[in-house]
Every structure is written in C-alpha cells, then in structure tokens.
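Notes follow once the structure below has been shown.
Each reported figure results from applying straightforward, stated rules to the coordinates on display, with no laboratory input. What you are looking at is a predicted structure, and each value in this text was computed from that prediction instead of being measured. Here the Cβ positions follow ideal geometry from the backbone for every residue, glycine too, while neighbour counts run over all protein chains shown.
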Amino acid sequence: MKYAILSDVHANLEALRAVLDDAESRADGVLCLGDTVGYGADPEACVELLASRARGIVAGNHEWGVADRLDLAWFNRWARAAAEWTRERLDDDHRDWLAALPLSLEFGDATLVHASPSRPDEWDYLVTAEDGWGAFADFPTRWCFVGHSHVPGVWSLGSSGPDHDPRPETVLSEPGRRYIVNVGSVGQPRDRDPRAAYGLWDVEAGRVDIRRIVYDIDEARRKIEAAGLPRFLADRLAAGA
Ligand code: ZN
C-alpha cells in the first residue's frame, strides 16, 4: 500500500488539486495532518475534498483556531486575520467537522499528528535535530508523520545512533530504526521552494518520498487578494517562505 500524506493545505485549492492529481496514479489512499484551512481563499472546497478523500485526518492549530478551541491571541496577526475570515466563511457543519477532528491518530505502523507527538495540543515545532530526537518516547509506532513547520525534515533513532536530515528527498528505512518525517506543506511551503510538498509513503518498501509539485501559484495569489486577505499571504506563496 502507498499513501499520499498531506499537511498544511491552508485552503490553497490550486495546490491541493495539483497534489491530488500527482498522487492519483501513485497512492492507494490519502492521509492528512491538519491545517487544512487558514491563510488561503478556499477553505470550504479544501475541507470538502479532504473530508471525502482522506482515510485518516487530524486537527492542526488552524482547525482549533477556527473552531474556537484555541485562543486566537496565540496567532500572529496574519494567521489571526485569516482565522477570523475563515470562521465567517465556513458554515456550522464545516466548523463542527473541524472541531471534532482528533489531535493524533494511529494508522497502521504510523502515528499522524500535526505538530509534535509530545503534547500535541501545545503545538510545539520540531525544527532542530534535538527537537525531533526528544519526541521519540511519545509515540508507540515505527513511523510518525508531522507537519506544522511547513519545512520537510526527517529524524531517526536506532541502535546506530540518532540521525537528522533537514532537506530530505527520500527516506529509505533501515531495520530497527524509527522515524519522524515532516512531509512539508501543500499550500504554503516555507523552505524557499514554492512548489507544493507532500509525502508518498510506501508501507511495504519502508520508503517515503518527499514530492514537489508545480501548481498555479498566480491563481492562488489572485484569489487571496480578491478575498481581501492580507497581501503578505499571497506574496509568500511565490517566495515559498
Ligand atoms: Zn500550518
């Protein structure tokens, strides 16, 4: 089995469609790590697409913000403006659906969580080598897939010691090792590569590829500006930062 693992779609329908198209012939199913809404102009369409397509999906901090489970004072001003706009845009059914998503989920030999498996509701970022290594005691499975930082990364731990790859393209697992993989962001990459990112997990081969997909950034930017969302949110898509 192969799964497309998507995180941080952030209401960017152009990026989501491009990723689902790419995954169509490669993956048997879709998993989603949260932050489906916030920042972009198409929250309803992205929620509906993923609600119908994803076999497993967890909540991110933007779902919690929109669903009133997290104080928006926690957000920076762009995230807050986007969350307020998104709240108005979604109806009760969409908001209830987002509010009911679990914080983490075990799917086969993987744990799915938006930020960190250690206290998922604290929304800690895994960025440094030590951040990731410190989280291995807090999930029971061999794999843990995360998003949140919008930057791909891989941490692993095994008898030959800890390892960290801050710019992964392919992860080939070794016997006896466990892995935390950040699959990057579909809808708002921040690693200076503006292409959409997602992970393709081949369960039997023990392999994860971080794929980068070209999409219509100009259209996504145009919609953000037309919606009256902060212009910065449009500009950062082109910069991938
Ligand atoms: Zn995010």
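Which peptide among 48-54, 191-197 comes first, and what is the full order, when sorted by highest mean count of other Cβ atoms within 10 Å? Write down the numbers at each step before the final one.
Values: 48-54: 15.9, 191-197: 19.7.
In decreasing order of mean packing, 48-54, 191-197 become 191-197, 48-54.
Can you give the net charge of the other residues whose Cβ lies under 10 Å from the Cβ of Gly184, counting K and R as +1 and D and E as -1? Mind showing how you got there, number by number?
On the way: positive: Arg190, Arg195, Arg211, Arg212; negative: Asp8, Asp191, Asp193.
Its environment carries a net charge of +1.
Computed from the Cβ-Cβ distance with R0 of 22 Å, the FRET efficiency linking Ala137 to Arg207 stands at 0.30.
Taking the Cα centre of segment 2-239 as origin and charging only Cβ (+1 Lys, Arg; -1 Asp, Glu), how large is the dipole, in debye to the nearest 20? List each step's numbers first, then the result.
Details: 27 positive and 41 negative charges, 88 e Å.
My answer is approximately 420 debye.
Dividing the Cα radius of gyration by the Kirkwood radius, what Rg/Rh value follows for the chain? Walk me through the intermediate numbers first.
Details: Rg = 16.6 Å, Rh = 17.5 Å.
Ratio of gyration radius to Kirkwood radius: 0.95.
Name the residue farthest towards the positive end of the dipole of segment 10-67 from the options Ala11, Ala59, Ala45, assuming +1 on Cβ of Lys and Arg, -1 on Cβ of Asp and Glu, about the Cα centre. Highest projection toward the positive end goes to Ala59.
Give, as ranges by residue number, the residues of segment 1-31 whose backbone N falls under 18 Å from the point 7 Å along Cα→Cβ of Arg55. Counting backbone N atoms under 18 Å from the label point, the list is 1-7, 20-31. Helix 43-53 versus the longest principal axis of the chain: what angle, 0 to 90°, nearest 10, using Cα atoms? Between the helix axis and the principal axis of the chain, the angle is about 40 degrees. Protection proxy ranking for 230-238, 58-66, using the average of other Cβ atoms within 10 Å per residue and placing the highest first: 58-66, 230-238. Placing unit charges on the Cβ atoms of the charged side chains and taking the dipole of the chain about its Cα centre, the candidate lying farthest along the positive direction among Trp85, Gly147, Leu105 is Gly147. If one computes the Cα centroid of segment 6-49 and of segment 191-241, what distance in Å separates the two points? Segment 6-49 and segment 191-241 have Cα centres separated by 10 Å.
Here's the picture: a label point sits 7 Å out from the Cα of Asn76 along the beta-carbon direction, and within segment 198-229 the residues with their amide nitrogen under 19 Å of it are 221, 224-225, 229. Ranked by the mean number of other Cβ atoms within 10 Å of their residues, highest first, the peptides 166-172, 148-154 come out as 148-154, 166-172.
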